[in-house]
Amino acid sequence: MAETDVDNGNKIGWPGIAAAAVGLVVASTTFAGNFNGWGVAGSAYIFAIAVGFAINLFVLWAYSELATMFPKNGQIFEFTKQGFSKGRFSGWGRRLAAGAGTSYWLIFGLVFSAEATAGASAMVSTTGFGSTILWISGILLLALFINLFGIKTSMTIELLLVAVMIGVRVLLGLSGFTGFNQVGSWQLSYIVTGLSPIEWGAVFSVLTLGFWAFVGLEFATPLVEETRNPGKNIPKGMLIGVLTILAMGLIMGFGVMGVINPATNTDVYTGNAPQIAIAGMLLGSPGAALAGLASFAATLGSVNVSFAAIPRIVQSMAEEGYWPELFAWEHPEYNSPWPATVLTAVLFFIPVLLSGSVVELINAATVVWLLAYVWIFALAIKMRASHSTVERPFSVPSPIYAGGILLTLFVLWRAYEGAYNLIALGIGIALVGFVFSTIWVAVTEAEETTVSASTADD
């Protein structure tokens, strides 16, 4: 019998993992972000995409190795806890784990505020109805509702949304390559213009967008407990996901650039929802409507995946006493962590009130995400020595992770040159997570000590 996506109730196979990986990445922020990248750097943006693709290959390998070593849904929290469970830093292991998990959770306030803003901007532009805040609220509530009914429902809907997202983006690219559009035939000269000469300053300025074009593949790994044969299906699903994203992005980018020259249409390519204007130029009002539909599907799909994955990190921490016990509760029928999911929805809404710029929110979120990746690569290297006897259903040589660290630091250096305040902001967000977690763990440890002492006296 052929492998199916759902097995044994809520269990998923590699198609579900690929859908989770693609579902987050193929978002409205990457729809808008990629067009912004092409608009600023022209076809030379391909170099930024190459860097982003390379970093996310390292991410795929590291997260697959750690998730299959420790198949629990706590992800970065679980990896950190296991990594510091013994040795000279074991006393701080609980606090480091809780801090890493909480900081990772916090960055998604920026990430999905950017995503919700991008999707909402596209819907306002397409329909002319409502405000961005109204659309953001509707998208968050709909994704929240879907996830209250369990992982099987969430991933089934995700597969449908992914099909819409990919289909519309590929359609835009093919309309350019084939000449079936309202602008004209495809021109190689428009592509060559961006490479003669290459403006490296412009390329470096959009490195974060090239990285963002793939970021979030690891969202598949918190689903490890819901995955059948994770040692095979997690890396396979993530690899299929990242290759799908790369192919789709190149088809769309080079197809569109061949008919709408970014050198003379920079304003069309930039902004919160450039995909609507570009689709309108290519295919008229039906094209703009399709781009709006794809943007809505992309945002709903990304937020849907986030609600499937991120609350489970909070739930895992709460189950082990690293977070308030309330957030460990899950619905007995749907196995969905309702309190953690609702809290995550509240977090996603907060930064929307502080900034309405998609690119600004992307740049702020990327800092913390890159720092999280450096931490994961370092953990993977460390555990080759400290956990050498633990079974590794999937692994790659340690020097690969060292390469991941160097490439990630390069992006932090060049992409944020002249804007290091954003790195300080990212570090500040991480510190908030660590401070909260350190205080909470210290309090719970004190309570445990008191209870133990009282029991001993009795």
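The values are calculated or read from the model by the stated rules, or taken from the named source; none is laboratory data. Quick caveat: nothing in here was measured; it's all calculated off a predicted structure. Cβ coordinates were reconstructed from backbone atoms using ideal geometry, including for glycine residues, and neighbour counts include every protein chain displayed.
Before we move on, is Gly74 modelled with pLDDT of 90 or more and buried (at least 24 other Cβ atoms within 10 Å of the Cβ)? Before the answer, list the steps.
Numbers: modelled with pLDDT of 90 or more: no; buried (at least 24 other Cβ atoms within 10 Å of the Cβ): yes.
Taking the combined requirement at face value, the residue does not satisfy it.
From the list Val111, Val124, Val59, pick out the single residue that is over 28 Å from Ala446 (Cβ atoms), among the β-branched types (Val, Ile, Thr), at pLDDT 90 or above and in a helix (DSSP H, G or I). Give the steps one after another, and end with the answer.
Numbers: Val111 fails: at pLDDT 90 or above; Val124 fails: at pLDDT 90 or above.
The unique qualifying residue is Val59.
When you scan the range 310-319, do you find a residue that is closer than 25 Å to Ser121 by Cβ, assigned to a helix (DSSP H, G or I), in contact with a helix residue (DSSP H, G or I) (Cβ under 6 Å, 6 or more places away or on another chain) and aliphatic (A, V, I, L, M), even just one?
First, the residues of the range 310-319 that are closer than 25 Å to Ser121 by Cβ: 310.
Of the ones still in play, those that are also assigned to a helix (DSSP H, G or I) are 310.
Add one more test, that the residue is in contact with a helix residue (DSSP H, G or I) (Cβ under 6 Å, 6 or more places away or on another chain), and what stays is 310.
Those still in the list that are aliphatic (A, V, I, L, M) too: 310.
Yes, because at least one residue in the range 310-319 is closer than 25 Å to Ser121 by Cβ, assigned to a helix (DSSP H, G or I), in contact with a helix residue (DSSP H, G or I) (Cβ under 6 Å, 6 or more places away or on another chain) and aliphatic (A, V, I, L, M).
What is the residue count in the range 86-102 for residues that are assigned to a helix (DSSP H, G or I) and either at pLDDT below 70 or out of contact with any Phe, Trp or Tyr (no Cβ under 8 Å at 6 or more places or on another chain) (or both)? Break it down into steps so the answer makes sense when it comes.
Residues of the range 86-102 assigned to a helix (DSSP H, G or I): 90-102.
Right, trim to either at pLDDT below 70 or out of contact with any Phe, Trp or Tyr (no Cβ under 8 Å at 6 or more places or on another chain) (or both) and you get 90-91.
Residues in the range 86-102 being assigned to a helix (DSSP H, G or I) and either at pLDDT below 70 or out of contact with any Phe, Trp or Tyr (no Cβ under 8 Å at 6 or more places or on another chain) (or both): 2 in total.
Is one or more of the residues making up the range 305-328 over 27 Å from Ser64 (Cα atoms) and either among the polar types (S, T, N, Q) or free of Cβ contacts under 8 Å to residues at least 12 places away in the same chain (or both)?
Start the filter on the range 305-328 by keeping residues that are over 27 Å from Ser64 (Cα atoms), which leaves 324-326.
Next, from what is left, pick out any that are either among the polar types (S, T, N, Q) or free of Cβ contacts under 8 Å to residues at least 12 places away in the same chain (or both): 325.
Yes: the range 305-328 contains one or more residues that are over 27 Å from Ser64 (Cα atoms) and either among the polar types (S, T, N, Q) or free of Cβ contacts under 8 Å to residues at least 12 places away in the same chain (or both).
Can you find, within the range 320-352, the residue that is farthest from Ile146 (Cα to Cα) among those that are out of contact with any helix residue (DSSP H, G or I) (no Cβ under 8 Å at 6 or more places or on another chain) and outside any loop (DSSP other than H, G, I, E, B)?
Checking each candidate, the answer is Val346.
Starting from residues that are at pLDDT 75 or above, surrounded by 17 or more Cβ atoms within 10 Å (Cβ to Cβ) and more than 17 Å from the chain's Cα centre (by Cα), keep the ones in the range 153-171 and report whichever is nearest to Ala309 (Cα to Cα). Step through it out loud before you land on a result.
Taking the range 153-171 as the starting set, the residues that turn out to be at pLDDT 75 or above are 163-171.
Add one more test, that the residue is surrounded by 17 or more Cβ atoms within 10 Å (Cβ to Cβ), and what stays is 164-166, 168-169, 171.
From what's left, more than 17 Å from the chain's Cα centre (by Cα): 164, 168-169, 171.
Values: Val164: 21, Val168: 26, Arg169: 25, Leu171: 30 Å.
Looking at residues that are at pLDDT 75 or above, surrounded by 17 or more Cβ atoms within 10 Å (Cβ to Cβ) and more than 17 Å from the chain's Cα centre (by Cα), I get Val164.
Test each condition in (1) under 16 Å from the mean Cα position of the chain (by Cα); (2) at pLDDT below 75 for Gly150 and report the one that comes out false.
So the condition that Gly150 fails would be (1).
Can you report the number of residues in the range 381-409 which are assigned to a helix (DSSP H, G or I), touching a residue at least 60 places away in the same chain (Cβ under 8 Å) and under 22 Å from Phe53 (Cβ atoms)?
6
Just checking, how many residues over the range 180-199 are touching a Ser or Thr at 6+ places or on another chain (Cβ under 6 Å) and buried (at least 17 other Cβ atoms within 10 Å of the Cβ)?
Applying the first criterion (touching a Ser or Thr at 6+ places or on another chain (Cβ under 6 Å)) to the range 180-199 yields 181, 191, 194-195.
Narrowing the set further to residues that are buried (at least 17 other Cβ atoms within 10 Å of the Cβ) leaves 181, 191, 194.
Count: 3.
Out of Ala263, Ala213, Ala247, I need the residue that is touching a Ser or Thr at 6+ places or on another chain (Cβ under 7 Å), under 20 Å from Val164 (Cα atoms) and of a type in the set (Gly, Ala, Ser). Which one? Full working, then the answer.
Working: Ala263 fails: under 20 Å from Val164 (Cα atoms); Ala247 fails: touching a Ser or Thr at 6+ places or on another chain (Cβ under 7 Å).
When all the criteria are applied, what remains is Ala213.
Residues Ala213, Ala220, Ala247: which one is without any contact (Cβ under 8 Å) to a residue 12 or more places away in the chain and within 21 Å of the chain's Cα centre (by Cα)? Break it down stepwise before answering.
Numbers: Ala213 fails: without any contact (Cβ under 8 Å) to a residue 12 or more places away in the chain; Ala220 fails: without any contact (Cβ under 8 Å) to a residue 12 or more places away in the chain.
Unique residue meeting the criteria: Ala247.
Cβ-Cβ below 9 Å, separation at least six or inter-chain, first residue in the range 416-439 and closer than 30 Å to Glu325 by Cβ and touching a residue at least 40 places away in the same chain (Cβ under 8 Å), second of a type in the set (Lys, Arg) and exposed (fewer than 14 other Cβ atoms within 10 Å of the Cβ): which pairs?
none
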